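The next block holds one structure in the form of structure tokens; read it before the comments.
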Amino acid sequence: PSNKCDRCSELFDNPLIHFYYTRQSVPKGLGDAVMQARTFVGQDHFVVALGDCVIVGPERSSLMNRLLQTHEQHSAAATIATQRVSPEATSRYGIVDPEGSADETALKLRDIVEKPGPDKAPSNLAVCARYVFSPVVFEYLDRTAPGFGGEVQLTDAIRAMIRDGLPVYAVPLLPGEDRLDVGNFESYAKAFIRLMLSHEELGPGLRKFTSELI
């Protein structure tokens, strides 16, 4: 077996790691999906990582490390990864309104809006599928009514936290980091091709092969 298989076996055989799962039986929105994990989380701070995208960059796990460090250093209620998007793309994401820099890698937020569009977007910083939360988020989700699209929006709960004065921060992607969508067949194929072409061992041969096809 390869080293990757060995690492997977190590992970799954580790007695200190336990895997649990739950199902969102009806698609009621991301806020409702997060609520399904409430019994697993208890009173711990926790990470939400959406599975329809991967974050790539020069350093493995750099973004998550920065999120966790910011969350702890600023005693945050929520810490959100963000990426810069075009004005047109602001209609597809939650968009944050930064109040100012907390340090070199973090922005304190004064607002967040779900899919505002270019005319109403407070910035071009879009939520980027990675979050760290205090368990207080469940209290806000409890009283969050269905919003955009008739779904319980996680963005609406975060917005209520900000308005109540709770500390919420954003951590932007650094130059060289990218969010790759894998939520449909075409985007998954594009992400797979991109990562394989840049693979240290397999990339050179694959790049030669694709150039011959073209």
Please verify whether Asp156 is modelled with pLDDT under 90, among the acidic types (Asp, Glu) and open to solvent by less than 80 Å² (accessible area, probe 1.4 Å), treating the condition exactly as stated. no
Residue, modelled with the highest pLDDT, within the stretch 26-51, restricted to residues that are open to solvent by 90 Å² or more (accessible area, probe 1.4 Å) and in a loop (DSSP other than H, G, I, E, B): His45
Check off (1) touching a residue at least 40 places away in the same chain (Cβ under 8 Å); (2) open to solvent by 20 Å² or more (accessible area, probe 1.4 Å); (3) not in a helix (DSSP H, G or I) for Tyr131 and give me the number that stays unchecked. (2)
Taking the conditions exactly as written (of a type outside the set (A, V, I, L, M), touching a strand residue (DSSP E or B) at 6+ places or on another chain (Cβ under 8 Å), farther than 15 Å from Tyr93 by Cβ and modelled with pLDDT of 90 or more), does Pro135 satisfy them or not? yes
Evaluation of Thr82 against (1) in contact with a helix residue (DSSP H, G or I) (Cβ under 9 Å, 6 or more places away or on another chain); (2) modelled with pLDDT of 95 or more (one fails), failing number: (1)
Would you mind telling me which numbered condition in (1) open to solvent by less than 40 Å² (accessible area, probe 1.4 Å); (2) closer than 22 Å to Ile193 by Cβ; (3) of a type in the set (A, V, I, L, M, F, W, C) Val54 fails? (1)
When every residue in the stretch 77-94 that is within 16 Å of Cys128 (Cβ to Cβ) and touching a residue at least 60 places away in the same chain (Cβ under 8 Å) is compared, the one surrounded by the fewest Cβ atoms within 10 Å (Cβ to Cβ) is Arg84
Of (1) modelled with pLDDT of 95 or more; (2) among the aliphatic types (A, V, I, L, M); (3) exposed (fewer than 14 other Cβ atoms within 10 Å of the Cβ), Leu174 fails just (1)
Answer yes or no: is there a residue in the stretch 95-115 that is open to solvent by less than 20 Å² (accessible area, probe 1.4 Å) and of a type in the set (S, T, N, Q). no
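The values are calculated or read from the model by the stated rules, or taken from the named source; none is laboratory data. The model shown is predicted, which means the values in this text are computed figures rather than measured ones. Positions of Cβ are backbone-derived with ideal geometry, glycine not excepted, and every protein chain shown enters the neighbour counts. Remember, those area values only see protein heavy atoms, side chains included, never the ligands or the DNA or RNA. Shrake-Rupley method; radii C 1.70, N 1.55, O 1.52, S 1.80 Å.
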